[in-house]
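Participant: Before we start, here is the structure in question, set down as structure tokens.
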Amino acid sequence: MSKSNTIYSDLKNDFNPLTWISKYRRNSIYYLTIMVLFYHLIGFIMMVIGSVVVDLVVNNYNEPTIPLTVTSVIFAGPFEETIFFGIPFYLTGNNLVTFAGGIIWASLHILNTSTVQVSSLAYLTWLFVTPSIFASLRTWISGKGWFAIIAHSLWNLIFFAAGCTNGEFPCRIVNEKDFLIDIAYVSTSIVFILLTYFLYLRYENKMVSKSIK
């Protein structure tokens, strides 16, 4: 069997929803990139379908947004990936516990609004990010958590750049009105990264000890 056919076979297996809470069959950067794009494509389809449904159900609906800056969207990657995926996984070593963290993460996106009302919740954002639960989960349990962090931050940055250049929100590097928010975002992200790395080392030591026994 040729190399391309082997990759095709592995991708076909990993595209199967029955495998979506298990490790990827490969963890090369090329392979992980394909899988991330696969889940984002599903999220985009869900968002498009959801927009039609929401428009029919909610009168004069406009997808809400919260204030964003370059700093916040970049550091959202390490902050969210570590607290909802990396830390739960390295604390427990359990895929389902990590999956539960992902569900919480995706669900919080529906609250990306200044007013918590049924008619003003961020339904489309929630629909778009939901498939990404599996992308992040599978990347972490496949031993490539750093890739999940970078991919998350890059994706956020791309959407931020698209939105601010289209005039949807200001193109700001930091929050001038409340600079402490960005400082808190950066500092807590660094703390969570360090904590995740410590838990990773502990997890790896446990795996080595088990293999010796």
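Just so you know, all these numbers are worked out from the coordinates, no wet-lab data involved. Keep in mind it's a predicted model, so treat the numbers as computed, not measured. Every residue, glycine among them, receives a Cβ derived from its backbone with ideal geometry; neighbour counts consider all protein chains shown.
Participant: Note down the net charge around Arg138, summing +1 for each Lys or Arg and -1 for each Asp or Glu among other residues with Cβ under 12 Å from its Cβ. Each step should come with its number before you reach the end.
Facilitator: On the way: positive: Lys23, Arg25, Arg26, Lys144; negative: Asp14.
Net charge around Arg138: +3.
Participant: Checking understanding here: applying a Kyte-Doolittle mean of at least -0.5 and a length along the axis of at least 24 Å (C-alpha), which whole DSSP H helices in the chain pass?
Facilitator: On the way: long enough: 29-57 (41 Å, 2.11); 145-165 (30 Å, 1.35); 179-212 (50 Å, 0.99).
Span-like helices here: 29-57, 145-165, 179-212.
Participant: If you take every residue apart from Val36 with its C-beta less than 12 Å away from the C-beta of Val36, what net charge results, scoring Lys and Arg +1 and Asp and Glu -1? Mind showing how you got there, number by number?
Facilitator: Details: positive: Arg138, Lys144; negative: Asp14.
Net charge in that neighbourhood comes out at +1.
Participant: Considering every Cα-Cα pair within segment 3-212, what fraction, in whole percent, is farther apart than 31 Å? It would help to have the intermediate numbers written out before the result.
Facilitator: On the way: 5326 of 21945 pairs.
Pairs farther apart than 31 Å: 24 percent.
Participant: Right, something else. Pick from Ser120, Ser28, Ser136: which residue has the top mean-square fluctuation in a GNM of the chain where Cα pairs under 10 Å get a spring?
Facilitator: Ser28
Participant: Also, quick follow-up: Across segment 57-161, what fraction of all alpha-carbon pairs, as a whole percent, falls in each successive 5 Å bin from zero upward?
Facilitator: Calculated over all Cα pairs of segment 57-161, the distribution is 2, 13, 21, 23, 18, 12, 7, 3, 1, 0 percent.
Participant: Then there's this: With contacts defined as alpha carbon pairs under 8 Å and 6 or more residues apart, what's the relative contact order of the chain in percent? Don't skip to the end; give the middle numbers.
Facilitator: Working: 246 pairs, mean separation 65.0, N = 213.
Normalised by residue count, the contact order of the chain is 31 percent.
Participant: What nm value, rounded to one decimal, do you get for the distance between Val57 and Glu176 when each label is placed 7 Å out toward the C-beta?
Facilitator: Taking the two extended label points, one gets 4.0 nm.
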